[in-house]
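Here is the structure we will look at, set down as structure tokens.
The values are calculated or read from the model by the stated rules, or taken from the named source; none is laboratory data. Everything numeric here is computed off the predicted structure, so don't read it as measured data. Backbone-built Cβ (ideal geometry, glycine too); neighbour counts: all protein chains shown.
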Amino acid sequence: MKTKWLILSIAIFAIILIPSLCNAQQKGNASDPNQSHKIDSKNETNGDSQVYAYVDEKPEPEGGMTALYKFLADKIIYPKKAKDKGVQGIVYVSFIVEKDGKLSDVKIMRDMGGFGLGEEAVRVIKLMPPWKPAKINGKAVRATYNVPVKFVLH
């Protein structure tokens, strides 16, 4: 029963929050839709290492956002320390979707602090199968992506 509530909570959260996050990213690029914004570079001359925040086609998990949140709900194990203390909340995880769809540089952007929720979210994100990569002008590129992971006790 608790698992069903966790899945439902995550799904509802995804339906409400993800579109608003996507719209916020789109608005940052509204002045010039053909302009892509680089956020990182390793100073390579071929540009292959650049990570983009704004792209023509956003990266997407296989099966879409519903599949993403089902995957998280199925794989997340609520940390005992957090469960014992009744800690609930949202952890924000950031990562790079590589040109081949694999996820890299997975890190906690915001955590509940010291209860293992962030570490658990990172562990599960690292287990994800490859995504559909981001594209600019039809070409796959590296792109940053942020995911909120909601932890709720029932």
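All conditions but one from (1) out of contact with any strand residue (DSSP E or B) (no Cβ under 9 Å at 6 or more places or on another chain); (2) within 22 Å of residue 53 (Cα to Cα); (3) not aromatic (Phe, Trp, Tyr) apply to residue 86; the one that does not is (2).
Condition check ((1) more than 15 Å from the chain's Cα centre (by Cα); (2) not in a strand (DSSP E or B)) across all residues:
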site	(1), (2)
55	yes, yes
66	no, yes
69	no, yes
105	no, no
108	no, no
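Yes or no: residue 48 at pLDDT 50 or above, in a helix (DSSP H, G or I) and surrounded by fewer than 18 Cβ atoms within 10 Å (Cβ to Cβ)? Here the answer is no, as residue 48 does not meet what is asked.
All of (1) at pLDDT below 95; (2) of a type in the set (Val, Ile, Thr); (3) closer than 18 Å to residue 54 by Cα hold for residue 152 with one exception: (3).
Given the options 122, 91, name the one that is surrounded by 14 or more Cβ atoms within 10 Å (Cβ to Cβ), among the hydrophobic types (A, V, I, L, M, F, W, C) and part of a helix (DSSP H, G or I). Matching residue, one of 122, 91: 122. Working only within region 129-153, note down all residues that are surrounded by fewer than 21 Cβ atoms within 10 Å (Cβ to Cβ) and part of a loop (DSSP other than H, G, I, E, B). Within region 129-153, 129, 130, 137, 138, 152, 153 qualify.
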